[in-house]
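A short write-up of the structure that comes next.
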Amino acid sequence: MILDPPDDLTPAEEQVRVEDIVAKGPYGALALAGSAVGIVVALWFAFYFLVFLPRA
């Protein structure tokens, strides 16, 4: 697998590699959370305009 570290890394090199990965930030998690929030908001507006307003 691509994400597996090479076997010949020393603990210090592995620590540097981990720090580089962590320094890039959680952009994938933020994108996923933002997409989920966007979907929930879109569903709320759809419910409001398509179900609630016509009955009022």
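Every number here is computed from the coordinates shown, using simple stated rules; none is lab data. Values in this document were obtained by computation on a predicted structure and should not be read as measured data. All Cβ positions, glycine included, derive from the backbone under ideal geometry; neighbour counts span all protein chains shown.
Kirkwood analysis of the chain, using all unique Cα-Cα pairs, places the hydrodynamic radius at 15.2 Å. The loop-placed chymotrypsin sites (Phe, Trp or Tyr not before Pro) in the stretch 8-56, going by DSSP, include none that has at most 10 neighbouring Cβ atoms within 10 Å of its Cβ.
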